[in-house]
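Structure, as C-alpha cells:
The values are calculated or read from the model by the stated rules, or taken from the named source; none is laboratory data. All values reported here derive from a predicted model rather than from experimental measurement. Because the Cβ atoms are built from the backbone with ideal geometry, glycine has one as well, and the counts that use them run over all protein chains shown. The protein model used for the area step is the full one, side chains on, heavy atoms only, and it has no ligands, DNA or RNA in it. Shrake-Rupley method; radii C 1.70, N 1.55, O 1.52, S 1.80 Å.
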Amino acid sequence: MKYEDADILAFSSTRGKKSRAPDENEGAEKSTGKEPKTGSENSPSGSYGGGPDTFPEDPLASVYGRAAGSGSVPDSVPDSVPGSDSADLPFEDFGGYDEGIAPSSASADEAFGIVTTGIDPLEITPAGATITGYISSLRRNQIRLGAYVVVPYEGGEKLFARIGKLQYRQEFAVDDATELHSRRMLGGRASPVNEEDYKFLAYLDPLCILYRKGQDSPLSRRMADRIPRPNTPILPVRDRLEVQTGLNIPEEGVFLGHLSVGGELVKTHSEPETVAYYLRNDYSMGDPLVFRHMLVCGSTGTGKTFLSKNILRQFMSESNRYRLRNSPDDRARKNPCLVIMDPQDEYSQLFEDNETLTDKDRFRFESEKVAYGRIPSTKAFVAKVEGQAYPGDKSRAEQHEFTIPFSLVEHNSWLIAATGMSELQYIGLELLLGDFFKSSVPHTYLNFISHIDNEGTRSYYVDSGKLHEASYDGIVRRVKSRFFSKVFDQDATPITEVLDRIFKPGQVSVFPTEYISTPRIRDLIVLTIMSLIVDNKLGTTGTDAIKNTPIILCLDEAHRYLSRAGGEHSRLIISRFADAARQGRKEGLGLFLITQDPQDIDDTVFKQINTKLILNLNNDAAISSLKVPKEYERRIPYLKKGQMIVHSPDNSDIVEIIGLSNCVVKHQ
C-alpha cells in the first residue's frame, strides 16, 4: 500500500497517543489465574461490546482482510511496528530511513504544514519553481493567498516565499458533483465537512533565500537557487527582520505604512509586532528615491490627502537633509523646501498639531521613527486675484500675498497661450511678445493688449507678411481675455521679488487656489509656480534660492497640468516638465504627484516615476496604466480606505501596506 507525504502528516497527530491504562482488576485476575470476563458479560447496553477499557473491533481488520477479534495477522504484515502502539498504523520499518536527519526544531503547532512530493514533483528552473505544500487541517483557516512563509534548509538558510495558489483536492475517490450529494449537503441533516477528507494544498512562489555568511553577519538575501527537502515544515514568518530582508524593504527611511496581506496586518514576534514599510531616503544605493519621483493615485474619497499629509510630514523632520551637487563641499546638506499646490486648501493644516493623538499613538510613532506634529515653518502664499479673496480660516499659518508680473511671460509664452492655439499662431505669439519686450513701454499685460490691439501694429505685421491676418486676429482673440487682466500685475508684491521667502530650506510653502472660482486662473497660477521652479533648476543660471535648495514639489490634481499633449500649448508644457522629471535626481527636484486619473498623465512624465502608491481605483483604464503585476492589479478595486499597493522597484518587491489610522498633523 502506498502512503503519500500528505497522508503521513494527516495521521501523524494520532501517533504517540498513550495506550489505555490497565484496569486495577487486571493484575488481580492474572495473579489468581482467573480468566478476565468477556465484553459481552459485563458491558453496559449501548457500549462497543466491551467495558470502559476495551475498544471496538480492530480498525485495521478491514485493511488486512481479517475478522475482528480473530487474532490472525497476514504474513506480510509485521506483528508490531517499532516505536508505535499496537493500534497504530502498520507503516513498514525502513532501516536507516531517519538516520542522519536532524529533527525539526519547529513545533507542529507553529507549522502550517509540510512540503510534499505526493502531488507534484519539487522542482526549480530559471523560469520558475514548483513547490507544493500540504496544509494540516488545524491551520487551514489561518492561511491566506499572498501570505509570506519560510521553509528552512539544513545549514540555517531559509526559503522566503509567498502563497501563490490555494487548492482543495479529494483525499478519497468520491464523486461529490452529483444531484444526490448536493441535496444531501444542502439538507438539514447534512453532516459537517470533515477537513481530513480533503487535501488542502498551498503552492509557494519563491521570492529569495535568506542566509548569513557568518554567525555575526547581517541577514542577506539571494535569488532562490535551491529547493527544500520533502517533508520540511512550512512556517509563518515571525521575525520582522526576515520579512524586511525577504521583501528587500529598508530598515529605515521615510515611513509609509505597515505591511499587510489581504487587508490584515502582518504580525511578528518582534516589538512592535507590525512590520513598518520605509522608503529609502539615503545615498547608500544612489540618490534618495523622492528625487526619482512619487505618485499617489486613488479614487475620490480613498484617503489621498490624508496619506499624503502623513508622508510629506516625514520629509520635513529636522534630521532629513540632502546633498547639493553644485556645492563645492560635497558633504554640505540642506533640509528640503516643500512646495505644495493646494486646490482644496487642506495642506496649510501642516502648521497645526493633531490634538486627538494620545500618548499611546505618540509612543508608537516614536518606536517606529515616525515624524509627527506641526511644522512651524508652514506658510501660505496667496495670489492676488481681482474680485477674489482668500478666507484663510483653515489654519493659523502665516500668509503672504503676491502677484504674477507679466514679465514672466517673456520666456514662458505658453502661460498665456490658449490650449487650442495652432503651431503657426504660437510662433506668431512669440514674435509679438519678443517685439513687445524690446520696447521701452512698461511690460504689463494691459500695455501688451493695447499694443497688439492697435490697428497700426496689425497693419505692420500683416502688410509686411510676417503674420497672416487670420493668424494675427486669432492670436488677439485668444490672449485678450478678462481672466488674464484679473491676475497679472495686481496691487501686491511680484512673486519674482519674494522667491527667497518662498524657497527656503526646511520650509513648507503652500499655494492655495480653492478661493479662485475660475479654473483657467487657477491653472495659470499653478503653471507659473511650476515654471519658476523648473526654469531655475534646469537653467545654467538661476535664482540661488531655487537653484541651491532641494525642492519637493507636491502637485495635487496632477492630471490637470501634466496631461497628454493635445496641442502645441500642451506639448510645450509636457516637454518642459519631462526634462525636469528626468533631471530631478541630478538637480535636487522631486515630484510628488497626486491624482485620481493616472491614465491622463503624459507617458514621458509617467515613465520617470519610480514609486507608485496605489489606493482603490475602479477605472479599468486607470488600473491598466499603472502597469503592476496581474495578481496585484486584480486587488486594486477591492482595497479599503487607507489600504494600498506600493510599487517601487528600486526600493522593494511590490507589496500591500496599510497607512496610519491617525494623521500626524491636523486633518479635517
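Filter segment 450-466 for residues that are at negative phi, assigned to a loop (DSSP other than H, G, I, E, B) and either surrounded by fewer than 13 Cβ atoms within 10 Å (Cβ to Cβ) or touching a His at 6+ places or on another chain (Cβ under 9 Å) (or both) and give the result.
Correct list: Asp453, Asn454, Ser464.
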Query - Qualifying positions in segment 501-510 - out of contact with any helix residue (DSSP H, G or I) (no Cβ under 6 Å at 6 or more places or on another chain) and not basic (Lys, Arg) - result: Ile502, Pro505, Gly506, Gln507
Query raised in the report: Quick check, is Arg144 modelled with pLDDT of 90 or more and open to solvent by 90 Å² or more (accessible area, probe 1.4 Å)?
Result: yes
Query raised in the report: Can you tell me how many residues in segment 524-574 are of a type in the set (S, T, N, Q) and touching an Asp or Glu at 6+ places or on another chain (Cβ under 7 Å)?
Result: 1
Query raised in the report: In segment 533-546, how many are more than 11 Å from Phe503 (Cα to Cα) and in contact (Cβ under 8 Å) with a residue 40 or more places away in the chain?
Result: 4
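Residue-wise test of (1) within 17 Å of Pro512 (Cβ to Cβ); (2) at pLDDT 95 or above; (3) among the hydrophobic types (A, V, I, L, M, F, W, C); (4) out of contact with any strand residue (DSSP E or B) (no Cβ under 7 Å at 6 or more places or on another chain).
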residue: Lys384; (1), (2), (3), (4): yes, yes, no, no
residue: Glu401; (1), (2), (3), (4): yes, yes, no, no
residue: Asn412; (1), (2), (3), (4): no, no, no, yes
residue: Glu423; (1), (2), (3), (4): no, no, no, yes
residue: Glu430; (1), (2), (3), (4): no, no, no, yes
residue: Val441; (1), (2), (3), (4): no, no, yes, yes
residue: Glu455; (1), (2), (3), (4): no, no, no, yes
residue: Ala470; (1), (2), (3), (4): no, no, yes, yes
Query raised in the report: Only one residue in Phe381, Phe406 is closer than 29 Å to Ser531 by Cα, buried (at least 17 other Cβ atoms within 10 Å of the Cβ) and within 40 Å of the chain's Cα centre (by Cα), so which one is that?
Result: Phe381
Query - Qualifying strands (runs of 3 or more DSSP E) (wholly inside segment 209-311; at least 3 residues being surrounded by 14 or more Cβ atoms within 10 Å (Cβ to Cβ) and out of contact with any helix residue (DSSP H, G or I) (no Cβ under 6 Å at 6 or more places or on another chain)) - result: 233-236, 254-261, 276-279
Query raised in the report: Are there any pairs with C-beta distances below 7 angstrom linking a residue in segment 350-375 that is more than 16 Å from Phe255 (Cβ to Cβ) to a residue that is of a type in the set (A, V, I, L, M) and modelled with pLDDT under 95, with the two at least 6 apart or on different chains, and if so which?
Result: Phe351/Ala397
Report summary line: Every listed condition ((1) open to solvent by less than 20 Å² (accessible area, probe 1.4 Å); (2) free of Cβ contacts under 8 Å to residues at least 24 places away in the same chain) holds for Ala202 save (2)
Query raised in the report: For His411, which of the numbered conditions (1) surrounded by 15 or more Cβ atoms within 10 Å (Cβ to Cβ); (2) closer than 19 Å to Asn536 by Cβ fails to hold?
Result: (1)
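Does Thr513 satisfy the condition of being in contact (Cβ under 8 Å) with a residue 24 or more places away in the chain, surrounded by fewer than 20 Cβ atoms within 10 Å (Cβ to Cβ) and among the polar types (S, T, N, Q)?
no
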Requested in this report: Considering every residue within segment 316-329, establish whether at least one is under 30 Å from Phe448 (Cα atoms), touching a Phe, Trp or Tyr at 6+ places or on another chain (Cβ under 9 Å) and outside any loop (DSSP other than H, G, I, E, B).
Outcome: no
Report task. Could you identify the single residue in Val370, Val385 that is among the hydrophobic types (A, V, I, L, M, F, W, C) and over 18 Å from Val665 (Cα atoms)? Result -> Val385
Report summary line: Restricting segment 388-399 to residues that are among the charged types (D, E, K, R) and surrounded by fewer than 19 Cβ atoms within 10 Å (Cβ to Cβ), the one modelled with the highest pLDDT turns out to be Glu398
Query raised in the report: Residues of segment 163-199 being in contact with a Lys or Arg (Cβ under 7 Å, 6 or more places away or on another chain) and closer than 15 Å to Asp120 by Cβ, which ones?
Result: Arg169, Lys199
Query - All positions within segment 343-374 that are closer than 20 Å to Ile533 by Cβ and surrounded by fewer than 22 Cβ atoms within 10 Å (Cβ to Cβ) - result: Pro343
**Report entry** Tally of residues being within 18 Å of the chain's Cα centre (by Cα) and on the phi > 0 side of the Ramachandran plot across segment 265-297
**Finding:** 1
**Report entry** Answer residue from segment 519-560, given it is open to solvent by 10 Å² or more (accessible area, probe 1.4 Å) and closer than 21 Å to Gln599 by Cβ and is modelled with the highest pLDDT among those
**Finding:** Asp556
Query raised in the report: Which residues, counting only those in segment 121-157, are over 21 Å from Phe200 (Cα atoms) and touching a Phe, Trp or Tyr at 6+ places or on another chain (Cβ under 8 Å)?
Result: Gly156, Glu157
Report summary line: For segment 460-477, pairs from a residue that is without any contact (Cβ under 8 Å) to a residue 40 or more places away in the chain and closer than 11 Å to Leu431 by Cβ to a residue that is surrounded by fewer than 16 Cβ atoms within 10 Å (Cβ to Cβ) and among the hydroxyl-bearing types (Ser, Thr, Tyr), with Cβ under 7 Å and 6 or more apart or across chains, are none
Query raised in the report: So, in segment 651-663, of the ones that are in a loop (DSSP other than H, G, I, E, B) and open to solvent by less than 60 Å² (accessible area, probe 1.4 Å), which residue ends up farthest from Gln608 (Cα to Cα)?
Result: Asn662
